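Chemist: My questions all concern the structure below.
Here, each number is a calculation from the coordinates, and none is a lab measurement. All values derive from a computational prediction rather than experimental measurement. All Cβ positions, even for glycine, are placed from backbone atoms using ideal geometry, and neighbour counts span all protein chains on display.
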Amino acid sequence: DVYKRQGACGAILAVGCVVPALCLEILRAVQAGDSDRAAALQAKLKPLAEAVTTHYGIGGLKAALDLIGYVGGEVRMPLRGADKNAREEIASLLSLALAALDNDESIADSLLVRDAHPA
């Protein structure tokens, strides 16, 4: 909401590659003026967003893409890929973000590859 008040009309989100429907729902809430809903959804997204950007970087983003059924692939040197522990943490955070989608009946259409998600 702060960014919208400052004139922003969009965002570039690495995590949007992984959970686009959740990111889109946050944008819709902001556009509708529902800052409480936007903040609640953002709180559910933030741990995964931080994992695939600031914490694990490109390796984390590629691991998350692998987990949802896309081919994230290997990172190029000198970057490092996500190790087993990182992948497990990302899978757990991804499950929490997906639960936000599954538990929110107003998000009618997920843009995710549902069959490829971890149980």
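Chemist: Can you tell me the length gained on complete extension of the stretch ASP83 to ILE12, counting 0.36 nm per residue apart and subtracting the Cα distance?
Modeler: Working: separation 71, 0.36 × 71 = 25.56 nm, distance 2.59 nm.
Additional length available on full extension: 23.0 nm.
Chemist: Relative contact order for segment 2-104: what percent, with Cα pairs under 8 Å and sequence separation of 6 or more?
Modeler: Values: 103 pairs, mean separation 26.3, N = 103.
Once divided by the residue count of segment 2-104, the mean separation gives 25 percent.
Chemist: Here is a follow-up. Mind ordering 27-34, 6-13, 43-50 by average Cβ neighbours within 10 Å, highest first?
Modeler: Details: 27-34: 14.9, 6-13: 9.0, 43-50: 17.9.
Most protected by this proxy first, the peptides run 43-50, 27-34, 6-13.
Chemist: Related question: What does the highest-first list of 81-90, 53-62 look like by mean Cβ count within 10 Å? Could the numbers behind the result be given before it?
Modeler: Details: 81-90: 16.3, 53-62: 18.9.
Descending packing order for the listed peptides: 53-62, 81-90.
Chemist: Share of Cα-Cα pairs in segment 2-104 beyond 22 Å, in percent?
Modeler: Working: 1671 of 5253 pairs.
Within segment 2-104, distances greater than 22 Å cover 32 percent of Cα pairs.
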